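*Asks:* Structure in structure tokens, see below.
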């Protein structure tokens, strides 16, 4: 197993039939996925759906109730200590020592990973350079803004040059500029072959990933590249078309749109309505029908499904299945 | 007027909910005063009884045995052992095993039979002033009583003379008595409290979880936490001793180096206790309450204020589980009685054992959170 990891063969993570129960509650229910080396894997799902639990299972913080998983070619059941030496982890709230400076935080984590002084010094220099932390080096972590704390936390998680990094909601509570900068950095690192396992519930971030999976109530209900998910039959049923209708009167327009036969579903999106219509429905005719009802319509144009559409469709479908099963 | 109390109902409702949710805090705040009351009510009897007493009967004849019976029947003394030499008598008191040593001279019966006055030497450990006072009073009155009885029976004009001799703290100065014991209580503050808080703070901030994802081992984590505070505790001890010696002028009869060495196992126990508390508590407030719970027995059951001899059997047995009991015997032993390693090694060993057990328990509790390969 260890040699497979060193040769760089095999996936970064492979999870088969992962189950984790807390008493009667099944937090992770038969979860399967594979993350290839060098991917940015987006792990999405609502709060409480089991994202953090999966990370804890993969890093050996929680024992599996059933199933098996390999991380960097090592078995989580038997080699969790070796796994922890090879992966980096950045927790939800950037767990830094507020009363230590940026430099001291880096020193501490470097020593925890047992880096020799010469290598530690080199790595700290590299991390400070990469994350532009130099001006803040002697500042207390408590005095950093959210974006800088996040860079420091990422730096701490990368000191020991892990080939796989788990980032648990790395952009929660961070301003948009810092979010953009973090993603630029992730792409750069990913270019060097580092694998990222990123949880988020920002859909724009999901769009940036090479590979996404969506977990809902402990089960994975979607897994693939963002493009392959957009084309799923559940999302884009055969014989349907997704359109965007721009209008200044979104609320009134939505009410009428839902009554028009041929429109299967409709939701408000800012100053427009996204609707799923039968593909033989003429777009001009749709526009006429709305205008006839006294609604000012701007444009009506075809639209590719966004990942948000994908997850909303899949969640609704799954929810309906759960309710049917219960009834 | 209505506006003056605006929001009262809502805030009241919310507070009731808080209290119900955080039942643990309420439970502790209510139970601690109750516990204190039970401890003070049952555990502490200001009438000093059953003082551990050791007897060297060099005479051994009927008259001497009668005197010993009188001592035993007094309820004040509890004869735990008979020895055959002055050295053994002294040792037992220096080691803290006995508070009172009674020596009946070899010619006790002879002198009484020859109508002469007989003297009995009573050595009293003065390091506990309340015990010492009671012991002096009771021995003197037993001597008087025995004399009176003999005067009436034999018409003898000579009496038994009890000669109490206060050892170690002849002036019965209270700083001499209180300060060595206080050392044990003060050290708990910088050891148990500080370690417990330092780990709970990491729990609250989430850094502990972050550490668990690194290859750090529970023992590495715990010892790394423990040693700096051991240093702080040791520094605190030096400060306390310096103050005690030069400000309060308590003479140190024994070897200070020995005291320093024997304080290490005590610091080890208190630190391990702090770690154990932090493995249980998730918030600063919980850690505070649990730590406070350890302070109580250290004050009341260690013999610091109330002599252990006066406690009912259950609490007396409990006092053996309180680390401060051993350390107070060590501090009073070295400082007041000039005790050496031969007298105190058992206390040191008891503390070290407790510390090891607590640390292993704490490490196991942490281990459960980090499953090891």
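Residues checked against (1) at the interface with chain B (Cβ under 10 Å from one of its Cβ atoms); (2) within 23 Å of the chain's Cα centre (by Cα); (3) modelled with pLDDT under 90:
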{"position": "A:83", "(1), (2), (3)": "yes, yes, no"}
{"position": "A:94", "(1), (2), (3)": "yes, yes, yes"}
{"position": "A:113", "(1), (2), (3)": "yes, no, yes"}
{"position": "A:124", "(1), (2), (3)": "no, no, no"}
{"position": "A:127", "(1), (2), (3)": "no, no, no"}
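*Asks:* Go over the candidates B:207, B:214 one by one and state the one that is within 14 Å of chain A (Cβ to nearest Cβ) and touching a strand residue (DSSP E or B) at 6+ places or on another chain (Cβ under 9 Å). First the steps, then the outcome.
*Replies:* Details: B:207 fails: touching a strand residue (DSSP E or B) at 6+ places or on another chain (Cβ under 9 Å).
B:214 is the lone residue from the list that is within 14 Å of chain A (Cβ to nearest Cβ) and touching a strand residue (DSSP E or B) at 6+ places or on another chain (Cβ under 9 Å).
*Asks:* Show the residue pairs meeting these rules: Cβ distance below 6 Å; 6+ apart or different chains; first residue within region A:300-323 and surrounded by fewer than 17 Cβ atoms within 10 Å (Cβ to Cβ); second residue assigned to a loop (DSSP other than H, G, I, E, B).
*Replies:* Matching pairs, first to second residue: A:317/A:234.
*Asks:* Could I ask something else about it? Please go through region A:141-158 and pick out each residue that is within 14 Å of another protein chain (Cβ to nearest Cβ) and surrounded by fewer than 16 Cβ atoms within 10 Å (Cβ to Cβ).
*Replies:* A:142
*Asks:* Return the residues of region B:171-210 that are more than 30 Å from residue B:129 (Cα to Cα) and out of contact with any helix residue (DSSP H, G or I) (no Cβ under 9 Å at 6 or more places or on another chain); say none if nothing qualifies.
*Replies:* Residues of region B:171-210 more than 30 Å from residue B:129 (Cα to Cα): B:193-210.
Listed by number, the residues that qualify are B:205, B:206.
*Asks:* Moving on. Restricting to region B:70-85, give me the number of residues that are closer than 17 Å to residue B:105 by Cβ and outside any helix (DSSP H, G or I).
*Replies:* 4
*Asks:* Let me ask something additional. Only one of (1) touching a residue at least 24 places away in the same chain (Cβ under 8 Å); (2) surrounded by 17 or more Cβ atoms within 10 Å (Cβ to Cβ) fails for residue A:21. Which number is that?
*Replies:* Unmet for residue A:21, out of (1) touching a residue at least 24 places away in the same chain (Cβ under 8 Å); (2) surrounded by 17 or more Cβ atoms within 10 Å (Cβ to Cβ): (2).
*Asks:* State whether the residues of region A:40-55 include one that is in contact with a strand residue (DSSP E or B) (Cβ under 7 Å, 6 or more places away or on another chain), more than 30 Å from residue A:307 (Cα to Cα) and surrounded by fewer than 23 Cβ atoms within 10 Å (Cβ to Cβ).
*Replies:* No, region A:40-55 contains no residue that is in contact with a strand residue (DSSP E or B) (Cβ under 7 Å, 6 or more places away or on another chain), more than 30 Å from residue A:307 (Cα to Cα) and surrounded by fewer than 23 Cβ atoms within 10 Å (Cβ to Cβ).
*Asks:* A further question follows. Looking at region A:201-223, can you tell me whether even one residue there is more than 11 Å from the chain's Cα centre (by Cα), surrounded by fewer than 16 Cβ atoms within 10 Å (Cβ to Cβ), free of Cβ contacts under 8 Å to residues at least 12 places away in the same chain and in a helix (DSSP H, G or I)?
*Replies:* no
*Asks:* So how many residues does region A:63-81 have that are surrounded by 19 or more Cβ atoms within 10 Å (Cβ to Cβ) and within 8 Å of chain B (Cβ to nearest Cβ)?
*Replies:* Adding up the residues that qualify gives 2.
*Asks:* Hey, another quick one. Can you work out which of the residues in region B:287-328 that are touching a helix residue (DSSP H, G or I) at 6+ places or on another chain (Cβ under 6 Å) and modelled with pLDDT of 90 or more is nearest to residue B:26 (Cα to Cα)?
*Replies:* B:322
*Asks:* Can I ask one more? What's the number of the only condition in (1) in contact with a helix residue (DSSP H, G or I) (Cβ under 6 Å, 6 or more places away or on another chain); (2) within 28 Å of residue A:145 (Cα to Cα); (3) part of a loop (DSSP other than H, G, I, E, B) that residue A:99 fails to meet?
*Replies:* That leaves (1) as the condition not met.
*Asks:* Can I ask one more? Does residue B:67 count as surrounded by 14 or more Cβ atoms within 10 Å (Cβ to Cβ), part of a helix (DSSP H, G or I) and either out of contact with any strand residue (DSSP E or B) (no Cβ under 6 Å at 6 or more places or on another chain) or at pLDDT below 80 (or both)?
*Replies:* When the stated conditions are applied, residue B:67 passes them.
*Asks:* Still on this structure: Within region A:109-137, how many residues turn out to be in contact (Cβ under 8 Å) with a residue 12 or more places away in the chain and either more than 22 Å from residue B:217 (Cα to Cα) or assigned to a helix (DSSP H, G or I) (or both)?
*Replies:* Going through region A:109-137 one residue at a time, the tally reaches 13.
*Asks:* For residue B:123, state whether it is away from chain A (no Cβ under 14 Å) and surrounded by fewer than 19 Cβ atoms within 10 Å (Cβ to Cβ). First the steps, then the outcome.
*Replies:* Details: away from chain A (no Cβ under 14 Å): yes; surrounded by fewer than 19 Cβ atoms within 10 Å (Cβ to Cβ): no.
No, not satisfied.
*Asks:* Determine whether residue A:60 is surrounded by fewer than 21 Cβ atoms within 10 Å (Cβ to Cβ) and without any contact (Cβ under 8 Å) to a residue 40 or more places away in the chain.
*Replies:* No, not satisfied.
*Asks:* Does residue A:235 satisfy the condition of being crowded, with 17+ Cβ neighbours inside 10 Å and closer than 30 Å to residue A:184 by Cβ?
*Replies:* Numbers: crowded, with 17+ Cβ neighbours inside 10 Å: yes; closer than 30 Å to residue A:184 by Cβ: yes.
Yes; evaluated as a whole, the condition is true for this residue.
*Asks:* So residue B:165 ticks every box in (1) under 30 Å from residue B:245 (Cβ atoms); (2) touching a strand residue (DSSP E or B) at 6+ places or on another chain (Cβ under 7 Å); (3) crowded, with 19+ Cβ neighbours inside 10 Å but one. Which box is left unticked?
*Replies:* Of the numbered conditions (1) under 30 Å from residue B:245 (Cβ atoms); (2) touching a strand residue (DSSP E or B) at 6+ places or on another chain (Cβ under 7 Å); (3) crowded, with 19+ Cβ neighbours inside 10 Å, the odd one out for residue B:165 is (3).
*Asks:* Given the residues B:241, B:187, B:221, B:179, which is the only one that is out of contact with any strand residue (DSSP E or B) (no Cβ under 8 Å at 6 or more places or on another chain), within 14 Å of chain A (Cβ to nearest Cβ) and buried (at least 19 other Cβ atoms within 10 Å of the Cβ)?
*Replies:* B:221
The values are calculated or read from the model by the stated rules, or taken from the named source; none is laboratory data. Please read these numbers as outputs of a predicted model, since none were measured by experiment. In this analysis, Cβ positions are derived from the backbone assuming ideal geometry, glycine residues included, and neighbour counts consider all displayed protein chains.
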